[in-house]
Structure formats: structure tokens, C-alpha cells
Amino acid sequence: MGRIVLKNVTKSFGNTQVIPPLDLTIEDGEFTVFVGPSGCGKSTLLRMIAGLEDLTSGYIEIDGDDATQVPPSERGLAMVFQSYALYPHMTVRKNIGFPLRMAKMDQSEIDKKVETAAKSLNLMDYLDRKPADLSGGQRQRVAIGRAIVREPAAFLFDEPLSNLDAALRVGMRLEIGELHERLQTTMIYVTHDQVEAMTMANKIVVLQAGVIEQVGSPLELYHKPRNKFVAGFIGSPKMNLIEGSEAAKHGAQTIGIRPEHIDVSTTDGMWEGKVGVAEHLGSDTFIHVHGVEGCDPMTVRAAGDMSVKNGETVFLTPQSQNIHKFDAEGLRIE
Amino acid sequence: MSDRKLPRLLQTPAVLLLLVWMLIPLGLTLYFSFIRYVLNNLRRPEWTTPSISNWRGFGNYEFVLNNKDFVLAIQNSLLIVCSILFLTVILGVVIAILINKTFPGQGIVRVLLISPFFVMPAVNAVLWINMILDPVLGLQGIAVGSINDLIGSLREAPVIGAFFSLWPELEPISFRATQTSAYAVIIMVTWQWTPFAVLIFMTSLQSEDQQQKEAAVLDGAGAWSQFRFLTLPHLGRPIAIVVMIQAIFHLSLYAEIEIVSRGNGNKNLPYLIGEFANNNIGAASATGIFAVILANIVAIFLLRMIGKTLME
């Protein structure tokens, strides 16, 4: 069980309010990702759920019970920190067993649970090592192991992959996803990386300056961003936002078109521009095109074998069904 | 090979200086400890100049070992050093943790806490033995006297007087007595060196990882468990440093012992060396060699012990 409800939650540090009143429901078993630029309050929100930060007002419900005043250790939540926060003087075995030891569990039972967790995380060979002797990915797994043994109502992840290198990050992303499939426990995951959000989440919460901009499944956010901020934040490379006369043609203040929804041609098209930088990834080519009115540079995705050179003229045609329209407030026009 | 020559050449003066600095005194001490060498002897004037022809073998060592004060001096050295280490480490950890929290007036409190460390050892000893520990004129004497006066006047009171007349008259302790002068030294040096421990532990506490503590809070660790399983292991290395440095300093305590009791019943090794050095340089040197051996044993023993208990 792990249904978490935030009602009218606010947080102020001194006179600055970092989180204006906020409501959010996280259903049992959901993988929810809080995503937003740094400083948007996503980590603060997570720490408030964990109980590491006090609420300025409002309340938090876990499984129907008011948990606002419940101390962190009794909320039944386990957290994985960005720095892993392993205990450096203890072996992996002791690290994983620490929460159970604090719960005054029998040593034999602790050993059993630690071994089970270690087996499922491929840590059996490292049980007697200290954190300093482990690689980043192994440390991350130990931190997850320490969370698993508690059998929490929900897992909280605070940017757990940002200290890992790119290749390892992809692997760990998959492992956490599989862990969720296996345990079916509520997970709340904080990241500034929209790729992590898109790949792992059942539900994404996009935050900006403490305000929830949109809540929805990854594809909902991709196809129907509620406003310009979400449109620009979700998707990689970023959506091109075009203002001025081109937007006016569609009856909007701003129109948005994703790089993958623009057709590129060297002979004819709607917009004309010059190639700036072309990034060849093999599978795709991202071309930054200069000179298109209202949006400079415009990023487009072309086929991997497209060969264009700097300074060459290209023609771009947006796929009309994929144009997003936004009004003067930046909100989506259907 | 040639590219190593220049760095070596440049290091040479420093290394030579260090060797001269260290080896000459040690060598001379060793040499003097094996010969008869006294400052003043009318019957054997040839002993007053150091010479290899006055060779005495292990005679000086034998003389020192048979001296009635030697065992006492070793015991006292160990008692004083170990007690001071024990007290300063415990007080240091407690105070460092207390002042590590933010509170108003933090800066002033920290400066005040550090200040005993700037008092000269001899001044420290004079202050404590005369102004605080003196059984008549010191704070101790005044405190004991006024408590006795208070109880005395309460004895006159109706009803409760009967109860207070059962109380004994308090006796002030004389710290210049042979049995207690070591405690006076321990008290004053602890007072002076606790700030050193506090300073080192405080810097270490400030580098403690806060996320580890938060993780421990979520794992259900209370204040004591956090201290025992996170803070104390974190302080393991600074504690080892404090113990090592203080062991070196306190094995050579002299001024405090001289001022408190002039060594009456409270000699340590350096004081014994000082006494021998009044005339018998050979015996003083032999004692010095014993002191070097003792210092090494103490250092190795303490470091092992601390390493084992704290680093798990």
C-alpha cells in the first residue's frame, strides 16, 4: 500500500515561498516522476513527503492517515539519495541491514533479509566490502538494497542517477524500472532529466518554481503539453517555439513544432533557412537551421543518412497535424 | 637517472638539516647514557668531561632502574597521560557536538572555549594551584568554607537543624599533598587541552555528511544511534590525531609538576631526568632513552586500540 495525497501543501524558507499551495495525489503502485529545472522545488517536495522538511501549511496523507506530524522513520517510506548516503564505516551487509537493526529485528532474520535483497540486486559478492571499495553503480544498488529491506509503502528517489556516467545511467534506469515492475510499490522519483522522466514514469509531474505545470502520462505530456513551459521541457531536442507572423497564421501567439515533426528537403518547402550545425548521431541527424522567421535557430530531425553542410540552404515543412498552438498566456489552444 | 639528480640535490639541505636536528641529540644522549659523565665530582674530576674512556656500559641504566623514584615516575607518566587523554577526548567530543549546533552568540562562545589553549603552561599551573585548587585561599577553599558556614548556620535553625547536624563538616582537599598532586596536574592540563580537542573535533563534525544523517533518520536511527554509528566512526581519525599529539606533549610535562609539588611524590620521567641532570648527566641520558622507548610504546598501543574500537 502506498497512496500519498498532498493537500494545500506549502513551504516557505523565511519570507520566500518556494512552494505555493499544491495538491497532488499519487496512487498506490504508481511510478511518479517529479521533473523540472533545478531550483523548481521538486527535491523540497520529496523531502517534505519523506518528513525531512517540515510543511509550512497543508497536510500529507499516506494510505488515508494524516502523516503531517508523523516522524520520518514512522512514515514507512524509504529514500535513495543522490549521494547514496551510504554509511562509510560499515560493510555493505551492515549498510543494508541498518534499518532492520534500528528496528531491533533478530540478527538471524536481518541476515536472511539482507541476503535476499543482495541476491536480487547482484550484490552477493560485495557484502563484506565497504562503500569506498565499490563502483558508483554498486553503491547505488546498495542504497536501493537498504531501501528494499524495509519493505516500505513507497520508495522516494532523489536524483539517484545523476552521479553516474551516461552508460551506467541507462542501465540503472532499466534496473529501477524492473524493480518497480517486480515490487509494484509506489515510487516517487525526482529528476531534472526529462529523458529519465519519459522512460520510467507512469505519471510525470512537471514543476516550475514550486507550481505544478502539468500532471500526466509521458505520452500525454508529449502530445498535449498544457502550456509553453511543458512543451519546451518535455521532448529532446526541445520543441521549436515560433512567434510572430507564422504563429498569427494559425491564430496563436506562439506555435510549437517538435524537431521530429518537420520534413526537411533541399529543394522545396514552406520555410527556407541555412544550415548551422549538423549533429550526426547515426540514427538521426539534428540540424540547426538559421534564418527561419520567428525562431532562430530551428532544430529539425532528419534521417541519419542526410548529408548537409554548413551554409547550405534547406527547406522545412512542418507536419500541420503536429503543430501546437499557444495563446498570449502561453496556454495551449485546442 | 640524471633527471632525478636535481630534485634529490634540492632536497638534500632539508633532509640534512632534519638529520642533524634529530640524530645529533639522540646520538649524544645515547653516547652519554653509556659513559660516566657528571657535572661536579671532586674525587673523580675526570668524569666531568665526556670521554669514551669513562665507559660504563649499561651501568647508568642499572643505576636508573634501581632508583626508588623510577617505577613511580613511569607509573605517574602513564597515569597522567592516560587520564588527560581520556578526559580531553570525552569532553572534546561532548563540547564539540554541543557547539556544533547554531545558537546565538556562537562566535563568542567558540573564542572563549579556545582561549585556555593560549595560556602558558606555567601560568596555567600557577593559576590553578593558587587561585582555584588552594584549600584555603583558592576557589575550592572558599567554596568549601562557605558550604560549611551555610550548614553551620542551618544547624541552628529550628526543626530542620536536627537533620543538618547529622551532616559532616566538609574538608577541603590539598592538591599539594603527594597523593593528590598528580590529580591537580591532570585537572589543569585537561582544562588547557580540551579546547585543542574541541577545535579538531569541531572541524571534523562540520565535514560530516548531512545526507547520511538524513538517511539514518529515515532508517529509524535515534539521536544516540546516529552518534554511535555515524558521528563516532566519523570522528575516529581526528580522535587518533588528538590522542597521538597529546600523548607526545603530555609525556614531557614539566612546568605543571614543578609548580604544583616540585616533584614531591609526583615525578614523571621528564621530571626525573631534570633531577638527574642537576649533576648526573649519564643517568639523565639513560632515563631519556627510557622515555623515548616509553613514548613509542604508548603511541603504538594507543593508536592500535583506537583504530580497532572505532574503525570497526
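Of the residues that make up segment B:210-217, is at least one more than 11 Å from chain A (Cβ to nearest Cβ) and hydrophobic (A, V, I, L, M, F, W, C)? Walk me through it before giving the result.
Residues of segment B:210-217 more than 11 Å from chain A (Cβ to nearest Cβ): none.
Scanning segment B:210-217, I find no residue that is more than 11 Å from chain A (Cβ to nearest Cβ) and hydrophobic (A, V, I, L, M, F, W, C), so the answer is no.
Suppose the filter is out of contact with any Cys (no Cβ under 9 Å at 6 or more places or on another chain), assigned to a helix (DSSP H, G or I), modelled with pLDDT under 90 and not small (Gly, Ala, Ser); does A:Met198 pass it?
The answer is no for A:Met198.
Inside segment A:1-57, can you point out the residues that are touching a Lys or Arg at 6+ places or on another chain (Cβ under 8 Å), farther than 27 Å from A:Gly232 by Cα, among the hydrophobic types (A, V, I, L, M, F, W, C) and not in a helix (DSSP H, G or I)?
Scanning segment A:1-57 gives a single hit, A:Leu55.
Out of the residues in segment A:98-111 that are assigned to a loop (DSSP other than H, G, I, E, B) and within 14 Å of chain B (Cβ to nearest Cβ), which is surrounded by the fewest Cβ atoms within 10 Å (Cβ to Cβ)?
In the first step, residues of segment A:98-111 are kept if they are assigned to a loop (DSSP other than H, G, I, E, B); the result is A:103-106.
Going one step further and asking which of them are within 14 Å of chain B (Cβ to nearest Cβ), we end up with A:103-105.
Numbers: A:Ala103: 13, A:Lys104: 7, A:Met105: 15.
Looking at residues that are assigned to a loop (DSSP other than H, G, I, E, B) and within 14 Å of chain B (Cβ to nearest Cβ), I get A:Lys104.
Need the failing condition index for A:Gly39 against (1) more than 17 Å from A:Thr186 (Cα to Cα); (2) modelled with pLDDT of 90 or more, just the number.
A:Gly39 satisfies all of (1) more than 17 Å from A:Thr186 (Cα to Cα); (2) modelled with pLDDT of 90 or more except (2).
Exactly one condition in (1) modelled with pLDDT under 90; (2) among the β-branched types (Val, Ile, Thr); (3) in the same structural domain as B:Thr102 (by TED's automatic domain parsing) is not met by B:Thr190; state its number.
Looking at each condition in turn, B:Thr190 falls short on (1).
Anything in segment B:56-79 that is surrounded by fewer than 16 Cβ atoms within 10 Å (Cβ to Cβ), hydrophobic (A, V, I, L, M, F, W, C) and more than 20 Å from the chain's Cα centre (by Cα)? List them, or say none.
B:Phe58, B:Leu65
Based on what the data block shows, is A:Val114 in contact with a helix residue (DSSP H, G or I) (Cβ under 7 Å, 6 or more places away or on another chain) and away from chain B (no Cβ under 14 Å)?
So A:Val114 fails the test.
Could you please give the count of residues in segment A:117-137 that are in contact (Cβ under 8 Å) with a residue 12 or more places away in the chain, in a helix (DSSP H, G or I) and surrounded by fewer than 20 Cβ atoms within 10 Å (Cβ to Cβ)?
4
Hey, among B:Val94, B:Val81, B:Val119, which residue is at pLDDT 90 or above, over 27 Å from B:Gly236 (Cα atoms) and in the same structural domain as B:Leu294 (by TED's automatic domain parsing)? It would help to see each step written out before you state the result.
Working: B:Val94 fails: over 27 Å from B:Gly236 (Cα atoms); B:Val81 fails: over 27 Å from B:Gly236 (Cα atoms).
Matching residue, one of B:Val94, B:Val81, B:Val119: B:Val119.
I want to confirm something. Restricting to segment B:129-168 and keeping residues that are polar (S, T, N, Q) and surrounded by 12 or more Cβ atoms within 10 Å (Cβ to Cβ), which single residue is nearest to B:Ile259 (Cα to Cα)?
So, considering only residues that are polar (S, T, N, Q) and surrounded by 12 or more Cβ atoms within 10 Å (Cβ to Cβ), the one nearest to B:Ile259 (Cα to Cα) is B:Asn130.
Consider B:Gln192 carefully, then state whether it is touching a residue at least 40 places away in the same chain (Cβ under 8 Å), over 26 Å from the mean Cα position of the chain (by Cα) and more than 14 Å from chain A (Cβ to nearest Cβ).
The answer is no for B:Gln192.
Could you tell me which residue of segment A:57-87 is nearest to the other protein chains (Cβ to nearest Cβ), considering only residues that are closer than 16 Å to A:Tyr189 by Cα and of a type in the set (Phe, Trp, Tyr)?
So, considering only residues that are closer than 16 Å to A:Tyr189 by Cα and of a type in the set (Phe, Trp, Tyr), the one nearest to the other protein chains (Cβ to nearest Cβ) is A:Phe81.
B:Val242 fails exactly one of the following numbered conditions: (1) more than 25 Å from B:Thr178 (Cβ to Cβ); (2) crowded, with 21+ Cβ neighbours inside 10 Å; (3) without any contact (Cβ under 8 Å) to a residue 24 or more places away in the chain. What is the number of that condition?
Of (1) more than 25 Å from B:Thr178 (Cβ to Cβ); (2) crowded, with 21+ Cβ neighbours inside 10 Å; (3) without any contact (Cβ under 8 Å) to a residue 24 or more places away in the chain, only one is false for B:Val242: (3).
Test A:Ala143 against the criterion of being among the aliphatic types (A, V, I, L, M), in a helix (DSSP H, G or I), over 23 Å from A:Pro37 (Cα atoms) and out of contact with any Cys (no Cβ under 9 Å at 6 or more places or on another chain), and give yes or no.
The answer is yes for A:Ala143.
Determine if segment A:58-67 includes at least one residue that is modelled with pLDDT of 90 or more and closer than 20 Å to A:His192 by Cβ.
No: segment A:58-67 contains no residue that is modelled with pLDDT of 90 or more and closer than 20 Å to A:His192 by Cβ.
Can you tell me which residue within segment B:239-290, out of those that are assigned to a helix (DSSP H, G or I) and charged (D, E, K, R), is farthest from the other protein chains (Cβ to nearest Cβ)? So that I can check it myself, show each step before the final result.
Going residue by residue through segment B:239-290, those that are assigned to a helix (DSSP H, G or I) are B:239-250, B:255-261, B:269-276, B:281-290.
Those left that are additionally charged (D, E, K, R): B:256, B:258, B:275.
Numbers: B:Glu256: 37, B:Glu258: 43, B:Glu275: 46 Å.
Looking at residues that are assigned to a helix (DSSP H, G or I) and charged (D, E, K, R), I get B:Glu275.
What number goes with the only condition from (1) under 28 Å from A:Asn163 (Cβ atoms); (2) facing chain B (nearest Cβ under 10 Å) that A:Asp54 does not pass?
(2)
Each row is one residue, and each column tells you yes or no for (1) touching an Asp or Glu at 6+ places or on another chain (Cβ under 8 Å); (2) free of Cβ contacts under 8 Å to residues at least 24 places away in the same chain; (3) among the polar types (S, T, N, Q); (4) in the same structural domain as A:Arg146 (by TED's automatic domain parsing).
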| position | (1), (2), (3), (4) |
| --- | --- |
| A:Ile49 | no, no, no, yes |
| A:Glu53 | no, no, no, yes |
| A:Ser57 | no, no, yes, yes |
| A:Ile60 | yes, no, no, yes |
| A:Gly64 | no, no, no, yes |
| A:Gln69 | no, yes, yes, yes |
| A:Met79 | yes, no, no, yes |
| A:Tyr84 | no, no, no, yes |
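Cβ-Cβ below 7 Å, separation at least six or inter-chain, first residue in segment B:225-238 and away from every other protein chain (no Cβ under 11 Å) and more than 16 Å from B:Gln211 (Cα to Cα), second crowded, with 16+ Cβ neighbours inside 10 Å and among the polar types (S, T, N, Q): which pairs?
B:Pro238/B:Ser204
The values are calculated or read from the model by the stated rules, or taken from the named source; none is laboratory data. As the structure is a computational prediction, the values presented were derived from the model and not from experiment. Cβ sites come from the backbone with ideal geometry, for glycine too, and all protein chains shown count toward neighbours.
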